[in-house]
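Q: Sending over a structure as structure tokens; questions will come in a sec.
The values are calculated or read from the model by the stated rules, or taken from the named source; none is laboratory data. In this text the structure is predicted, and so the values were computed from the model without any measurement. Reconstructed Cβ throughout: ideal geometry from the backbone, glycine too, with neighbour counts over all protein chains shown. These accessible areas exclude ligands, DNA and RNA; they are computed on the full protein's heavy atoms, side chains included. Shrake-Rupley method; radii C 1.70, N 1.55, O 1.52, S 1.80 Å.
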Amino acid sequence: MRGDLLAIRPNGSLLGLPTSVLVDGPFNDWRLPGLLLGGLVGVGYLAAGTVEHGRYRHSAQISAVAGAGLVCFEAVEWRWLGFHPLQAVFMGVGAAVITLALTEATST
């Protein structure tokens with residue numbers, strides 16, 4: 001999902017997301033969810049990738065936090081919008097990142 005496209009066009013038209021799914025939720029349009037997606041998940045994984053590439057001391061822990069952030073983001077989205085199979089896929093990706101990062105942290 002592209003948080004930047006949601007922030008640029010908060011009516012969801014660039015991604016085909018209707019604002020009707022936002023009814024009964026805390027948001028009137030997709031701008032803030034897009035910023036949260038890009039800021040929390042996107043920047044988190046960008047930071048994790050950067051420190052992993054540089055092999056910094058706490059890179060595994062930062063990657064685990066990024067994975068946990070993705071799992072949490074998807075769990076909130078699931079609760080708010082209802083289940084979609086991609087949420088389960090991305091929660092699985094986040095869980096795999098956590099597992100691999102913690103495995104790396106304990107092996108060094």
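Q: Which residue pairs have Cβ atoms closer than 8 Å, lie 6 or more positions apart in sequence or on different chains, and pair a first residue in the stretch 76-89 that is in contact (Cβ under 8 Å) with a residue 60 or more places away in the chain with a second residue that is surrounded by 12 or more Cβ atoms within 10 Å (Cβ to Cβ)?
A: Cβ pairs passing all conditions: LEU81/VAL21.
Q: Another one. Quick one: count up the residues across the stretch 13-24 that are touching a helix residue (DSSP H, G or I) at 6+ places or on another chain (Cβ under 8 Å) and farther than 18 Å from GLN87 by Cα.
A: So the answer is 1.
Q: On to the next question. Could you please give the count of residues in the stretch 59-83 that are touching a His at 6+ places or on another chain (Cβ under 9 Å) and over 13 Å from ALA47 (Cβ atoms)?
A: First pass over the stretch 59-83, keeping only residues touching a His at 6+ places or on another chain (Cβ under 9 Å): 59, 77-78.
In the following step, the residues that additionally are over 13 Å from ALA47 (Cβ atoms) were identified as 77-78.
Number satisfying all stated conditions: 2.
Q: Please give the number of the condition MET91 fails out of (1) buried (at least 18 other Cβ atoms within 10 Å of the Cβ); (2) at pLDDT below 95.
A: (2)
Q: Just the residues that are β-branched (Val, Ile, Thr) and open to solvent by 50 Å² or more (accessible area, probe 1.4 Å), please, taken from the stretch 36-86.
A: Passing the criteria: VAL43, THR50, ILE62, VAL65, VAL76.
Q: Something else about it: For LEU100, state whether it is touching a residue at least 24 places away in the same chain (Cβ under 8 Å) and either of a type outside the set (D, E, K, R) or open to solvent by 70 Å² or more (accessible area, probe 1.4 Å) (or both).
A: yes
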